[in-house]
Every structure is written in C-alpha cells, then in structure tokens.
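S.K.: My structure is below; once you've seen it, I'll send some questions.
Derivation of every value follows stated rules applied to the coordinates shown; laboratory data play no part. For clarity, every value in this text was computed on a predicted model and none was experimentally measured. Here the Cβ positions follow ideal geometry from the backbone for every residue, glycine too, while neighbour counts run over all protein chains shown.
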Amino acid sequence: MSIKDQFDFSNALPIINEDTEFFPLMSQQDEDDMNGEETPEVLAILPLRNTVLFPGVVIPITVGRDKSIKLIKEAYKGNKIIGVVSQRDVNIEDPTFDELNSVGTVAHIIKMLQMPDGNTTVIIQGKQRFRLIEEIQSEPYIKVKISKFVESKYKTDKEFKALVASIREMSSQIIQLSPNIPSEAGMALKNIESTSFLINFISSNMNADVSDKQKMLEMENLRARAEMVMELLTLELQMLELKNQIQSKVRTDLDKQQRDYFLNQQLKTIQEELGGNSSDMELTALELRAKKKKWEAPVKEHFHKELEKLGRMNPAAPDYSVQINYLELLLDLPWNEFTKDNFDLKRAQRVLDKDHFGLEKVKQRIIEYLAVLKLKRDMKAPIICLVGPPGVGKTSLGKSIAKALNRKYVRIALGGIRDEAEIRGHRKTYIGAMPGRIISSLKKAGAANPVFVLDEIDKVGSDQRGDPSSALLEVLDPEQNSAFNDHYVEADYDLSNVLFIATANSLSTIQPALLDRMEIIEVNGYTIEEKIEIAKKYLLPKQKAQHGINTKDIVLKNSLVEKVIEDYTRESGVRTLEKRIGSLVRGVATKIAMEEPYDPTLSVADVERILGAPMYDKDLYEGNEVAGVVTGLAWTSVGGDILFIEASLSPGKGKLTLTGNLGDVMKESAVIALAYLRAHADLFGIDYQLFDHFDIHVHVPAGATPKDGPSAGITMLTALTSAFTQRKVRSNLAMTGEITLRGKVLPVGGIKEKILAAKRANIKDIILSQSNKKDILEIKESYVKDLRFHYVAEMREVIDLALTKDKVSNAQDLTIKNSTIK
C-alpha cells in the first residue's frame, strides 16, 4: 500500500456543493451538537467491506451490491440517515446479520453521484456510534433494531493532553516524511479543535487493518483509543524512517560505484601513459603460455585466430571475459601431454590381485592390453565395458587399472544424464556455455591418456534436449574418437589414447549401436568362498581403518563370516556384506569406547546381538509334496535369485488366470506352455476334457515385485503338467529356459548369477537348454561343484526329468463322469 493509501488526508478537504454546506474541521460545539442528536431505534444497514466509518469523518464509498444501491436510493430520497457497519469477513459477497460486527456508525448521506463507469458513489459523514440488537428484516436490505453506544468518561489530565499532543506531532512528522501527502494536510491537522474528532480522523485515515479500526471503534474509553492510535502511529513512523534510511544508503552505494568507475578510468589512463594496459598484459601472458603447448598446426592456428579476436575486443565488453575463459580452456587442456606408462606386467598383475579378488577375465584383458602396448607403443586404447550386478567392484576396478598402468584416473557418473550437451558441450554462442564433461574431466586430469571410467552407462536417458547415448557413439568409437569435436572447444581433440572403461548393470538398456563399439566383459557375482576371502582381505581391514580399530581388537572366523553372508545378505556383490561388517566393527568400537570388557573373537551370539535376528533363510527350497509348485531361476539387477511357480486347478470352464505382477513376456510364456500342454495332452497322460472343466490359476509369489522375461518358460510348463497329472516334482530341482510352440527349449542369459542363486538355496539338480552348456563350461569349476546339470532340447525332456511317476500324497481327483466334475 502506498503512503497516500496509508495516511490519506484528501478525505479531510471540505465538500461543498449547492445542496450542502459541510466543513469537516469540526469545532467542539459541532461535536456536542452531533452527539446530542437522537439515535433512531431502527436503521437500514449498509455493510462495508474494507473500511470503518468513525463519527464526524467524511468518506466517499462506491456502492456495487444491488441491495446496497436500493438502500442508498431510498435513503437519499428520505431522511438520508443510514447505519454503516463493517462485515467480519471481507470475502463474503452478501453478508447476513450474524456476519456483521456488533458496533457501527450512524451516517448521513451528503451526496450521491452516478459515475461514468456505471457505479454509484455516495459521500457520507459519520454521526454517532450504535450497537446492533436484533434483525428486523433481511430483504430487500437489512434493517435492524439498534441502541445508542454509551461512551465512558475519561479524565482530561496533563498526561492525556500530552498524549493527544504527541499524536498530533507524530502525525505531522509522518506527513513531512511522506512525499505523497500534500503539505495542506498538516495545516488541516493543526486546525482540528475537538480531541475526539482528532482521534477519529486519524483513526480513519491511518495505515491499519480493518480489524484494528473496528477494535478502536468499539472502544468505549477515548483515552484507550488514543493510546492504541499512538501505538500504531509509532510503528508507522519507524517504518517510514527505516525506508528513508535504506533509500539514503542505496544513494550512497550508487555514489561509490560512480567513484570506483572514475578511479578505474584514471588508472587505465595512467597505465596507457606508462606504455601498456591490463588487457595487453593478459594477451601477452596468454601468448607466452601458448608457446609451451604441444598442439597440432590446426589447433595452433585456431588459438591464434581467437587470440587476435580478443585483442580487437573492448575490455569493458561482456564478451571479453567469455573469450578469456575460452582461451584459458584451450591452454589448460592436455594437448599431446601424456603420462609415462609402466610396462612392468608382473607389477601390474600384483596391483590387480592386491586390490581385487577373482575377476580373472578382466585382469587377463588388462594384462593383454599392456603387453601389446609395450610391444607396439602406439596402440589405440580399447573400449571396455564391465557388466555385472551392483557391488562386484566394477567402478573400483578402474582405480586399480589406473594404478597398474601408472596413469591418471578420471570418473564421471552418467546415471540420469538427459542432456546431449553434458557430453558434447554447449555452443559458445549461448550464455553460460560450458564444455562437455569429457573435455572438463580431461582438463582436470592434466593428461591425454588417463583411465576414464564412464559409470552407469546403462542408465543414460534422453529427452527433448537430445540423446546423450548417441553423443557417446563418437566418444567410444576407436575409429572416430581421434577427432572428437566438442561444441564448446570447436577444435578436434584426440581421445584415442584414453582408456575408456564403462560400467553397467544390464546390457538391455544400452543402445545397440553403442553396445557394438564396446568390448563386453562380464563381472559376475561371487561364491560364498570368494566372499569370505574378500571380507578377510579387503572389507574387514577397510572397516577397521575407517573406525579407528586396531587389528587385534576384532577377529572374525571364517565360519562367522559365512554366517553373516548366508543369514544377513542376499546379493551377488559384497556391498551389503561390507555394511554388515561395518556394523560389527562399530559394535566393537562402542565396547572399546565405553571401556566395557569383551572378547575380540566374535561369536554367533555377538553377531545376533549386533545385527539382530537372521534376515534370510539359508534353505529356500520348499519341497515337492504339493503338485504344481516348481522352483525356477531368475536374473535380477542385484544378481541371481530363485522363484516359485505355483499352478492350481479348480472346477470351471478352462479359464487361465495369471497373478504375481507378471510382465507381458512372462504371461506369454504361461499361454505358450498351456497351449503346448493342450496340444500334447495324450503324450503326458492327461485327459483333454480336463482343460474345459477346470479353471487354471498360475501365481508367482512376491506379488509386489515386478517380474518379466522368458526364463520361466519351462518352469511354467512343468508346474502346469504337475498340476494336471498330480505327479511329484523331483526334490532339490530348479530350472530355467525359454519355450516355443513347437516344443523347443531355447537358451537364456544370466547363467552364472542363476547358478550362484541355486547354490545359495541348496539346489542340487538344474535343468538348462542344451545351448547353455557353453555358459557352464566358462564358469570356474569351483562354482559348479556339487551341482548336476541336465541339458534339454525338447519340452517333453523337461517333463521326463522334472516329474516322478509317483503322485503326491493328497492328489486331487481330476476324473470326469457324466459331465460332472468329482
């Protein structure tokens, strides 16, 4: 609200016309005459939204409600007396009697004006206050019975006179501080004789909420009202003084900026007189740095062209700093600056073995790369993609490779990137343009041949700003990345010496063209024996160092580590295992810090006290005493897992129901399995009429977890066959494979993860597609110890291997007699 709205004295100017003679600067006699007027018993009420009328004060009001317009017109033709009351809630369009305040003001209509915009404006003067008693009518407008407002007496002592004088003086100060209030308003204040009119006049025009003004109107004691006016005026005066201080400070700051500008101009003139200026010094420094760079001729020519452009620029121009930053980036980039590789292959093998347990295929590939680089010296770096579940050491392997090669290490996280400019950079013409993350990371590394880890490459997204995975095609193509073009750099940069290592959890979400440019190396999960070695050699020492624990303060036996692995983790990697070991170390650290006695060699009881009750069952196998329940093997983002396919029959008309949050591919596997079983019912000794007299329900437990993929095809077939024949499923058996309508069993992926999951669940026999045999041969012999593999090519082979000739003990009666199901 403006100052004029806060304290508007324009209402105080006398309103004089041919019908009325009225001067708002009332004398004490005028006020006494007004208070002596008789208060009518019944009044028509005009509700006000945003203002409060005080006795003696003249205000203009714009009337818009139909009821109010009718009231004003009738009153103006009559005695011109109405009651004015503010409503409690300003948002109510048509207030009722109960929604009005209890105290109002008798008003005299001085003038009614019809405005050009169609609205009606009335000028009213407050006479005396009244109280509302009861409503007499509500239509066409509100009429109420009222009683006179009785004012309490107040003592006119020195203190009260001083209070009134302070109010008058403070009002004058507000008028002087505000540039929007005319100076005549100060003269009007000085000419007001009546104390009560002075209080009413200031109360009506001051910056206060309607609720505060209504509160002042309802005060019976004038002294109390004066004290409240004084309080509100004091607050307003403080706000005005603060505003003036801020304006003065801003004016001072502007003066300081002008002073600094003139001083800078003088300094520039002095430097020019001395034979140079700051911009020349910057150009000279950039030129000296450029002489030390080992860049190719095209890059050198491009740099000097941009440097000449900088020399022609005005140093005060906004583009000057942009050009400076661009040239400094060109100078900071490591053009043909390499670190010296360490070709000691035995040392490299020791470094890799020390940092990572297992991962033989990855280590072998790195040693091969080093061997060829040692012989050829200028070999193009391969693009390696490490694929595997979380926590198996893909990202940390990049650090070990950098250490083995004695190269710089750079890592960028690609997860969630959706903007192509993150890879290729922004064009230099845009405000706030920056190079891409590839170039920025090379600048940070300070060498043109670092080990560059592209983390989570399978989680790159795309939107309207471009496709970052397509931008990576040039980065990760050994035939193209020797001339990588960043939009910001505008010059080709050679990435062929960078050893790129990408990591991913799954290949399914990687763009095929991008996948084709990388050498895929699978980093599979660990066996229990490997996890025990990793825990002892890497995880436990790391957690001891992080928590300030000495080697002798905690001892974990192999059996205890195995219990933690089996009872408290279910993963292919070791990330959760590290957290559990960290909890054990913190439990010991608490004992040491509190100086409590404990045994450094932890027991099973200590583990359960710190980690709680076991979270997972070691043996997940559910037995074979129920027909239609078969164990399958599945691949998940955190490694392998087992799942159960349950099939049951109930009397019906052959309806197939699938539950368990299944995806489209898995639903199709169930439909294919049922279609094959119907077509070959006689092959498995099933009465074909059963399919039309029994409803089939196939369920995969853990319904809250989404499941999809073709791997459950043979499991679905076995579960349905077991349900229709009521034959037992062989004990400790699991299977995985895709099926076709022709009865073929097709291979599936994720074999190693599924095998590890089977071992964790104490499975002994596994049925696989014949084509998956090659995957088993690639797995270390220790991983498949105590497991028996059965390779199949046809679906009936699956049934012969999976089902026994015996029926379950509580076999369901599936015979059909006289079209009635028994």
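S.K.: Starting from 0.36 nm per residue, how many nanometres of slack lie between A165 and K354 once their C-alpha separation is accounted for?
M.R.: Fully extending the segment from A165 to K354 adds 59.0 nm.
S.K.: Work out from phi, with θ = phi - 60° and the Karplus expression 6.51 cos²θ - 1.76 cosθ + 1.60, the ³J(HN,Hα) of each residue of the stretch 131-142, listed in order in whole Hz, and give x for Gly and Pro.
M.R.: After applying 6.51 cos²θ - 1.76 cosθ + 1.60, I find 10, 7, 9, 7, 7, 9, 8, 10, 10, x, 8, 7 Hz.
S.K.: Taking the chain as the reference, fit the longest principal axis to its C-alpha atoms, fit the long axis of helix 195-205 to the helix C-alpha atoms, and give the angle between the two in degrees, 0 to 90, nearest 10.
M.R.: 40 degrees
S.K.: Tell me which GluC sites (Glu not before Pro) from the stretch 475-521 have a DSSP coil assignment and no more than 12 other beta carbons within 10 Å of their own. Write out the running numbers ahead of the final one.
M.R.: Values: sites: E479, E490, E519; in loops: E479, E490.
In loop regions of the stretch 475-521 (DSSP not H, G, I, E or B), the sparsely surrounded GluC sites (Glu not before Pro) are E479.
S.K.: Another question, if that's okay. Restricting attention to the stretch 128-193, which trypsin sites (Lys or Arg not before Pro) occupy a DSSP loop and are surrounded by at most 13 other Cβ atoms within 10 Å?
M.R.: The qualifying sites are K153, K155.
S.K.: What are the trypsin sites (Lys or Arg not before Pro) within the stretch 280-380 that DSSP puts in a loop, where the Cβ has at most 10 other Cβ atoms within 10 Å?
M.R.: Passing both the DSSP loop test and the Cβ count: K292, K340, R377.
S.K.: On to the next question. With only alpha-carbon atoms counted, please give the Rg and Dmax of the chain, in Å.
M.R.: Rg, Dmax (Cα atoms, Å): 45.0, 121.
S.K.: What residues have an amide H closer than 5 Å to that of V453, excluding those fewer than 5 places away on the same chain, when H is modeled at 1.01 Å from N in the peptide plane?
M.R.: So V453 has HN proximity to V410, R411, I412, I501.
S.K.: According to the square roots a ≥ b ≥ c of the eigenvalues of the Cα gyration tensor, what is the shape class of the stretch 362-522, taking rounded for a/c under 1.5, prolate for a/b larger than b/c otherwise, and oblate for the remainder?
M.R.: Details: a/c = 1.81, a/b = 1.28, b/c = 1.42.
It comes out oblate by the Cα gyration axes.
S.K.: Whole-Hz Karplus ³J(HN,Hα) for the stretch 107-123, in order, using 6.51 cos²θ - 1.76 cosθ + 1.60 and θ = phi - 60°, x for Gly and Pro?
M.R.: Listing the rounded values in order: 10, 10, 7, 7, 7, 10, 10, 9, 7, x, 7, x, 6, 10, 10, 10, 10 Hz.
S.K.: Still on this model: Check cross-link reach from K544 to the lysines: straight Cα distance under 25 Å, and skip same-chain residues fewer than eight apart.
M.R.: Once the sequence-local lysines are set aside, what remains near K544 is K354, K394, K399, K403, K531, K536, K552, K557, K563, K579, K591.
S.K.: Given the pairs K380/K780; K291/K443; K374/K459; K363/K780; K70/K213, which span a C-alpha to C-alpha distance of over 24 angstrom in this model?
M.R.: The pairs that break the limit, which is 24 Å between Cα atoms, are K380/K780; K374/K459; K70/K213.
S.K.: Still on this model: Can you give the FRET efficiency to the nearest 0.05 for R796 and N325, using r as the Cβ-Cβ distance and R₀ = 56 Å?
M.R.: 0.20
S.K.: Tell me which residues come under 5 Å, amide H to amide H, from D708 once H is placed; ignore anything under 5 positions away on its chain.
M.R.: The list, which skips near neighbours in sequence, is G663.
S.K.: Express in nm, to one decimal, how much length is gained between E41 and E218 on full extension, taking 0.36 nm for each residue of separation and deducting their alpha carbon distance.
M.R.: Working: separation 177, 0.36 × 177 = 63.72 nm, distance 1.92 nm.
Working it through step by step, the gained length comes to 61.8 nm.
S.K.: If amide hydrogens are placed 1.01 Å from N in the peptide plane, which non-local residues have theirs closer than 5 Å to the one on K111?
M.R.: For K111, the qualifying residues are I123.
S.K.: Let me ask another. Rounded to whole Hz and in sequence order, give me ³J(HN,Hα) for the stretch 350-364 from the Karplus expression 6.51 cos²θ - 1.76 cosθ + 1.60, θ = phi - 60°, writing x for Gly and Pro.
M.R.: Result, rounded to whole Hz: 5, 4, 5, 5, 5, 7, 9, 8, x, 6, 4, 5, 5, 4, 4.
S.K.: Which whole-number percent gives the relative contact order of the chain, counting Cα pairs below 8 Å spaced six or more residues apart?
M.R.: Once normalised by length, the contact order is 7 percent.
S.K.: Let me ask something else about it. With both partners inside the stretch 362-522, how many of the DSSP beta bridges are antiparallel, as a percent to the nearest 5?
M.R.: Around 15 percent of the beta bridges assigned by DSSP in the stretch 362-522 are antiparallel ones.
S.K.: Indicate, rounded to the nearest 5 percent, the antiparallel portion of the DSSP beta bridges found entirely in the stretch 629-817.
M.R.: Percent antiparallel among DSSP bridges in the stretch 629-817 is about 55.
S.K.: What value, in deg cm²/dmol to 500, does the helix sum -39500 (n - 2.57) over DSSP H runs of n ≥ 4 give at 222 nm once divided by the residues of the chain?
M.R.: The helix contribution divided over the chain gives -13000 deg cm²/dmol.
S.K.: If a/c stays under 1.5 just call it rounded; otherwise compare a/b with b/c (prolate if a/b is bigger, oblate if not). Do that for the stretch 755-815, with a ≥ b ≥ c from the square roots of the Cα gyration tensor eigenvalues.
M.R.: oblate
S.K.: Which length gain, in nm to one decimal place, applies between S508 and K374 when the Cα-Cα distance is subtracted from 0.36 nm times their residue separation?
M.R.: 44.7 nm
S.K.: Another question, if that's okay. Which order do the peptides 387-400, 595-608 come out in when sorted by mean C-beta neighbours inside 10 angstrom, highest first?
M.R.: Top of the packing list down: 387-400, 595-608.
S.K.: How much FRET efficiency would the formula 1/(1 + (r/R0)^6) give for K70 and Y154, where r is the Cβ-Cβ distance and R0 is 45 Å, rounded to 0.05?
M.R.: On the way: r = 40 Å, r/R0 = 0.89.
Step by step, r from the Cβ atoms, then E = 0.65.
S.K.: Here is a follow-up. Can you order the peptides 799-810, 669-680, 734-745, 218-229 by their average number of other Cβ atoms within 10 Å per residue, highest first? Let's see the in-between values first.
M.R.: Values: 799-810: 15.1, 669-680: 19.4, 734-745: 21.0, 218-229: 17.6.
Highest-to-lowest ranking by the protection proxy: 734-745, 669-680, 218-229, 799-810.
S.K.: Now for a different question. Just to verify a number: FRET efficiency for D786 and S396, C-beta to C-beta distance, R0 = 30 Å, to 0.05? Walk me through the intermediate numbers first.
M.R.: Values: r = 31 Å, r/R0 = 1.04.
Here the calculated transfer efficiency is 0.45.
S.K.: With +1 on the Cβ of every Lys and Arg and -1 on the Cβ of every Asp and Glu, and nothing else charged, how large is the dipole of the chain about its Cα centre, in debye rounded to the nearest 20?
M.R.: Working: 110 positive and 117 negative charges, 743 e Å.
It works out to roughly 3560 debye.
S.K.: Within the stretch 388-427, name every residue whose backbone N is under 18 Å away from a label modeled 7 Å from Cα of D344 along the Cβ vector.
M.R.: It comes to 400-408, nothing else.
S.K.: In terms of the Cα gyration tensor, with a ≥ b ≥ c the square roots of its eigenvalues, is the stretch 280-341 rounded because a/c is under 1.5, prolate because a/b exceeds b/c, or oblate?
M.R.: prolate
S.K.: Tell me the angle of helix 394-405 to the major Cα principal axis of the chain, expressed in degrees between 0 and 90 and rounded to the nearest ten.
M.R.: With both axes taken from Cα atoms, the answer is about 70 degrees.
S.K.: Another question, if that's okay. According to a simple spin-label model (label point 7 Å from Cα along Cα-to-Cβ), what is the distance in nm between M434 and Q245?
M.R.: 4.0 nm
S.K.: Just to confirm the number: angle between the C-alpha axis of helix 66-77 and the first principal axis of the chain, 0 to 90 degrees, nearest 10?
M.R.: Roughly 0 degrees between the two axes.
S.K.: Please report the antiparallel percentage of the DSSP beta bridges confined to the chain, to the nearest 5.
M.R.: 60 percent
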